[in-house]
Amino acid sequence: MPRLQKGRLYEASQAFYIQYYRPDGKRVSHRLCSKDQKHYAINARPVKLRRDDFMLKVNSNVVDSGEALVTEFFEKTYTTYMEAELAASTIH
């Protein structure tokens with residue numbers, strides 16, 4: 001099941017990059033911007049805003065816009081989790 005991500009910022013070659021996972025599970029990097037007076041550090045507000053804008057586009061492909069019932073969630077997601085993670089006696 002795809003997940004919502006925040007991304008990981010890092011600096012290399014006088015530029016800022018963001019690292020995230022594609023839906024197929026591969027980790028990829030994307031160049032956000034060059035390092036300059038406005039974008040001077042990873043924790044600078046303009047860099048974080050660029051990260052948020054980019055990750056909004058990435059995460060928009062992940063989020064299902066349809067409504068799901070609680071019963072559908074329980075049957076598809078929670079039951080699968082329980083069978084994989086919990087002991088048989090706990091599930092029973």
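Looking at the range 18-53, which of its residues are within 11 Å of the chain's Cα centre (by Cα) and of a type in the set (Phe, Trp, Tyr)? Within the range 18-53, 20, 21 meet the criteria. Filtering the range 9-24 to residues that are surrounded by 11 or more Cβ atoms within 10 Å (Cβ to Cβ) and of a type in the set (Ser, Thr, Tyr) leaves 10, 17, 20, 21. A count restricted to the range 25-57 and to residues that are closer than 30 Å to residue 76 by Cβ and open to solvent by less than 100 Å² (accessible area, probe 1.4 Å) stands at 5.
The values are calculated or read from the model by the stated rules, or taken from the named source; none is laboratory data. Everything numeric here is computed off the predicted structure, so don't read it as measured data. Note that we place each Cβ from the backbone using ideal geometry, even for glycine, and neighbour counts take in every protein chain shown. Calculation scope for accessible area: heavy atoms of the full protein, side chains included, ligands and nucleic acids excluded. Shrake-Rupley method; radii C 1.70, N 1.55, O 1.52, S 1.80 Å.
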